[in-house]
Amino acid sequence: MTSPGYTGTDNLEVMREAVNYNRALLDLVKAHARKSDRLLDFGAGTGTFAIALAKEGYAVECVEPDPAQRAAIKGAGLRVHGDLAAIPAASVDCVYTLNVLEHIEDDLATIRALGERLVRGGRLVVYVPAFQVLYTSMDRKVGHVRRYRRTDLRAKVETAGLAVLSSEYVDSLGFAATLAFRAFGSKSGDIDRDAVRAYDRFAFPLSRRLDRALNRVVGKNVLLVAQRNG
């Protein structure tokens, strides 16, 4: 997860250019949340998704350990905490965590703790980078500990005591794009704003259509949805 002194804030700012990608992630959260739900954004970063959800009328609270990013969220008028311990057990209807678990050494303990914050029947939405073969200089720069296979993430979530409702790969064309970045991209891990914008506008919409056929096989990310049962 992000931490004090987080080195990837500049890449987060560049990713604001990925409007189709960000809208898709927002829609993924909204597909599993109701307006009456209490939502928790775990690892909220600069608040991109939490702020957008709050503007649409969702009750969203954030956990973000990085002080600078936490200040940005607070400045937008949202409740934000530096640690998950501030969130009471069985108090949240839906937890979403987008590109966060890959930063955390003991991700299983974190998944278990997130599950404990859910009410009975509450949902956990997890989105993480896929396939260790895609590990690049960008992963190193932002502090990724790992990338995931769909089956491995599912096993961890089930071990944490949650019932997996669905798991799939997302952004099939992104697999090839990330391989290309690994071979030819920046050795420093910086991502190019124009390249992000071009992929987002032209390739990502096609990639999402291809996902319907390839989501069990390949993708740049894994999406998993789980539920806390009785």
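Report the calculated FRET efficiency for ASP152 and ASN229 (r = Cβ-Cβ distance, R0 = 25 Å), to the nearest 0.05.
FRET efficiency, ASP152 to ASN229: 0.70.
Taking the DSSP beta bridges in the range 9-227 as the whole, what percent of them are antiparallel, to the nearest 5?
Roughly 45 percent of the DSSP beta bridges within the range 9-227 come out antiparallel.
Charges only on Cβ, +1 for Lys and Arg, -1 for Asp and Glu: so what's the dipole of the range 13-162 about the Cα centre, in debye to the nearest 20?
My answer is approximately 340 debye.
Can you tell me which lysines have their Cα less than 16 Å from the Cα of LYS187? Leave out same-chain residues fewer than eight positions away.
Partners within reach: LYS141.
I'd like the distance separating the alpha-carbon centroids of the range 24-65 and the range 92-140, in whole Å.
So the two Cα centres are separated by 15 Å.
Select from the range 77-138 those GluC sites (Glu not before Pro) which occupy a DSSP coil region and have at most 11 other Cβ atoms within 10 Å, ordered by residue number.
In loop regions of the range 77-138 (DSSP not H, G, I, E or B), the sparsely surrounded GluC sites (Glu not before Pro) are GLU105.
Starting from the Cα of LYS35, draw a straight line to each of the lysines and keep only those under 17 Å, dropping any in the same chain fewer than 8 residues away.
LYS35 reaches LYS55.
With labels modelled as points extended 7 Å from the Cα through the Cβ direction, what inter-label distance (nm, one decimal) is found for ALA163 paired with GLU13?
It works out to 4.6 nm between the two label points.
Given a 10 angstrom Cα cut-off, can you work out which residue in VAL164, VAL125, VAL63 is the most mobile in a GNM of the chain?
VAL164
Taking the Cα centre as origin and putting +1 on Lys and Arg beta-carbons and -1 on Asp and Glu beta-carbons, what dipole magnitude results for the range 80-132, to the nearest 20 debye?
280
What ranking do PHE181, PHE204 get, fewest neighbouring Cβ atoms within 10 angstrom at the top?
Sorted ascending by nearby Cβ count, the order is PHE181, PHE204.
Among ARG120, ARG140, ARG208, which comes first, then next, by fewest other beta-carbon atoms within 10 Å?
Ordered by Cβ neighbours within 10 Å, fewest first: ARG120, ARG140, ARG208.
Would you look at the GNM of the chain, springs on alpha carbons closer than 10 Å, and say which of THR46, THR97, THR159 moves the most?
With Cα springs under 10 Å in the chain, the top fluctuation among THR46, THR97, THR159 is at THR159.
Read-outs: derived from the displayed coordinates by stated rules, not from any lab. Only a predicted model underlies this, so the values are computations on that prediction, with no experimental measurement involved. Note that each Cβ is placed from the backbone with ideal geometry, even for glycine, and that neighbours are counted across all protein chains shown.
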